[in-house]
Structures are given as structure tokens and as C-alpha cells.
Amino acid sequence: MNKRKKLAAGGVIILVIAVAAFFILNDDKSIEAVKAMSGPYTEKIVAVGQLGLSQETTLVSEVSGTVREITMQEGGTLNAGSVLIQIDEGDLAYQLEEREAAYLDSAAQYNNLVSFEYASAKGEYDRLTSLKSQTESAYRDSEKLYNEGAISKSTMLSAKATYESVLSQWTTARLRLEALGPGGSLRNAGASRLQGAEALYNKARDNADDYRIVVPWDSVVLKTYVAVGDSVQPGQTLADIGGTGGFTVSADLDEKYFPYLTKGLPVDIFVGDDRTKGVEGSIENITPQINPNTGTFAIAIALPDDFPYQASNLTVNLEIMLREIESAIQIPAAYLLRDNDTDPETYVFVYQNGSAEKRTVKTEAGLSSFILITEGLSDGDIVLSPSDGLSDGDRVNKYEEADAS
């Protein structure tokens, strides 16, 4: 055997030894695997929310002064329009009473003008209109008789004087009726006086109202920031109030969840880490706008009437149930393969008689890292991890079941 043949033979021996070593070493290598088993399948969004009243607002001072009275302490309730905080208004109370009296007097005068004086003037005008017609007719008759020589001139002139006197009275009555009627000067003057007095009264009342801090709706007092005797300035926070219509939970969620949510979806609400004391609410509103700065959108969750926690701004844990199936097979998403990103067909490798078997499966992807298998796997199938570069038909000497949870 020459030297070249000896080298070739040596190369073959080395190759055989390397291949043998490869198989020997791979005999001891375990492939990660999971066992397909039917079980409950759930998809849910876990989030954090804030408990608060369905309506909340902050009351601030519009004036400067000293707090004279606080009518309700924290936790108490008030009806809409009730005064919560009274600030000392100085001479405004007297000014308000004075302006109110002037307004009421102007209103009484105007109502008297419209209701009584106008009606009286109308009656007088109607009476004089009738009398004018009678005296004019008597004067015309007496004038005719005088011209015929039937009566004296003095008698005729007496009838004329009576008619002219009634005519003068009728003219005065007509002018007064017109002045008191709609659009007349006396009625307009009365209305102008009333409007001016009302404007002054409303301004005084508005000024006084600034010193009375009222609640806009039926409210519970959440927090007061001042005490009786404190000096306050315009813009200073006085109190936080909330509507008595009930509590709600608000939460901001990542925009990726937006397509999955609908109104009415159940939500489990927990306070603290104890998951055994959850209360079920439901999604009441989904804000259809994504915050461009945070990439989130807001939801509001309605609570049952017997919700046990009554505290504004309480942090709560949320679990929004999207889907729940009593029995289904699920595997980690990393075990699912497709030949390319656009290929709709998906498959897995299943351990079968010591080899890796490629098996097409039908799936439903959700939000979790697990894939729901709808067709292709049965209970007990061993699904092999593709991370070791498996191909269909590859021999698998050993596998080791991983924790699939």
C-alpha cells in the first residue's frame, strides 16, 4: 500500500469514528417536549384600574374671604344645590336684600301697569268712545235744528261744548291707553325699569353665590381642604366631591387589546393579592380613541350594587375574560411551525415510534403565549420542540417533558 492509499484509508477510518461518535453522543441528548392534554382554556387580559365615583369634581373658590361654615364633613351626602361651604361675604348680603327689594318693587309696579292700569284705561277709553259718539250725534242734531230755526243758538252751542269736552277726554284716554299698551311709552318705561332692577339683582345674587359653594348634583363629600376660619383666595381648592350614583372602575389598556373588547364583557375585580374574593363587573364603555403618547385607550367598568369597597382612587386588579373553554388542547406557541410567514398551513413535530413525525394542525391564536389546537392532536401526543432543527423522520432517541404551564 503506497502512502496516498494509506492516507485515504486513514481518512475513512476517522470519518467513521466521527459519525459514530456523533450518534453515540446524540443518543444521550434529550429533546424538549410537551404532552398534549385536554384541559380548561382561558384567554384574559390582566390589568390594573382605579376605583372611583361615576362623577367626581373639585370645587374651587372664586373669591377671597374667610370660611364661615362647612355644612357637611367627609363621607356625608348632600342634595343637588345644597351649600357645602359658606365664605364670609361681608356687605354683600345687605346689598343683595336691597337689590332684591328694588327688583320686587319694580316687578309689582310693572305688573300693576299691565294688569290693572291698562285694563282701567281700556275701560275708560271704551266708555268715552261711546259717550263721544252720543254727544257728537246730539251736537249734529242740534246744529241741524238750529239751522232750521227750531232751537236757539245757545242751545246748539251748549251741545257743541259738551261734545268738544267729551272729545278732549276721549283723546286723553286714547293716548293713555296707547302708552300703557304693548309698545307704548309707559309700558316700555316700566319694562325698562324692571329689566334694570332685575339685572342689578341678578348681579348681586351672582356675587353672593360666589361666596356659597354649592354641589351641582347629589353628592358625597370625598375630601375637604379647608376648615372654618381659614382664609381662602380665588382659585384655591376647597373640596372634592363625587356623585351618589355609584362607583365605577377606569383602566388604561394597551392598544393591542382594542380589537378583542366589547361592551358587556365580564371583568373580575380584586383588591389586593387575594384572588378568592373577586367581584364581577362588566365593561360599560370603551373609549374609541387611542392616546398617541401612551398607545393606550380607556375603558370604564360597571360594578354591581353590592360592591363592597367604597373608596375613591382605590387601586384594583382586573382580569377581563375574553374566552373560556371547558376542554381544549393547548401548546406553547414556540412549538408551532410554518414554512414561511405567509404560509397558512401550520404544523408540529410529534414523537412517533422513536422518530419525529411532521403533523399538520389547525389552530386558533389568542393573546397568550399558548396556541389552541382545534385539529391534529389527541390527548397523550408528545409534541417535540423544534429548537433542535428537527426534520420529518429524524430519529429521536430521548425526549424530556418540559413544564408547559
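The values are calculated or read from the model by the stated rules, or taken from the named source; none is laboratory data. Remember, it's a predicted structure, so these values are computed and weren't measured experimentally. Note that each Cβ is placed from the backbone with ideal geometry, even for glycine, and that neighbours are counted across all protein chains shown.
Kindly establish whether THR346 is assigned by TED's automatic domain parsing to the domain that holds VAL396 and of a type outside the set (Lys, Arg).
In short, yes.
Taking only the stretch 231-288 into account, find how many residues are over 30 Å from THR77 (Cβ atoms) and touching a Gly at 6+ places or on another chain (Cβ under 7 Å).
2
On the given criteria, is ARG140 part of a helix (DSSP H, G or I) and within 18 Å of VAL114 (Cβ to Cβ)?
no
Here is a list of conditions, (1) more than 30 Å from ALA33 (Cβ to Cβ); (2) over 21 Å from the mean Cα position of the chain (by Cα); (3) of a type in the set (Val, Ile, Thr), and ILE283 meets all of them except one; can you say which number that is?
The one condition ILE283 does not meet is (2).
Considering only the stretch 296-310, state which residues are more than 17 Å from GLY245 (Cβ to Cβ) and over 18 Å from the mean Cα position of the chain (by Cα).
PRO308
Can you find a residue that is closer than 17 Å to VAL48 by Cα, in a loop (DSSP other than H, G, I, E, B), among the acidic types (Asp, Glu) and out of contact with any Leu (no Cβ under 8 Å at 6 or more places or on another chain) anywhere in the stretch 283-293?
No; the residues of the stretch 283-293 include none that is closer than 17 Å to VAL48 by Cα, in a loop (DSSP other than H, G, I, E, B), among the acidic types (Asp, Glu) and out of contact with any Leu (no Cβ under 8 Å at 6 or more places or on another chain).
Please enumerate the residues belonging to the stretch 228-253 that are surrounded by 12 or more Cβ atoms within 10 Å (Cβ to Cβ) and of a type in the set (A, V, I, L, M).
Once the filter is applied, which keeps residues that are surrounded by 12 or more Cβ atoms within 10 Å (Cβ to Cβ) and of a type in the set (A, V, I, L, M), the stretch 228-253 yields VAL232, LEU238, ALA239, ILE241, VAL249, ALA251, LEU253.
Filter the stretch 335-373 for residues that are in contact (Cβ under 8 Å) with a residue 40 or more places away in the chain and more than 19 Å from ASP394 (Cα to Cα); which is surrounded by the most Cβ atoms within 10 Å (Cβ to Cβ)?
ILE373
Under 6 Å between Cβ atoms, at least 6 apart or on separate chains: pull out the pairs that start in the stretch 98-123 with a residue that is in the same structural domain as GLY196 (by TED's automatic domain parsing) and small (Gly, Ala, Ser) and end on any residue that is surrounded by 13 or more Cβ atoms within 10 Å (Cβ to Cβ) and part of a helix (DSSP H, G or I).
Pairs found: ALA102/ALA197; SER106/ARG193; SER106/LEU194; SER106/ALA197; ALA107/LEU194; ALA121/ARG176; ALA121/LEU177; ALA121/LEU180.
For LYS153, only one of the following conditions fails: (1) surrounded by 13 or more Cβ atoms within 10 Å (Cβ to Cβ); (2) in contact with a Phe, Trp or Tyr (Cβ under 9 Å, 6 or more places away or on another chain). What is its number?
Only one criterion in (1) surrounded by 13 or more Cβ atoms within 10 Å (Cβ to Cβ); (2) in contact with a Phe, Trp or Tyr (Cβ under 9 Å, 6 or more places away or on another chain) is unmet by LYS153, namely (1).
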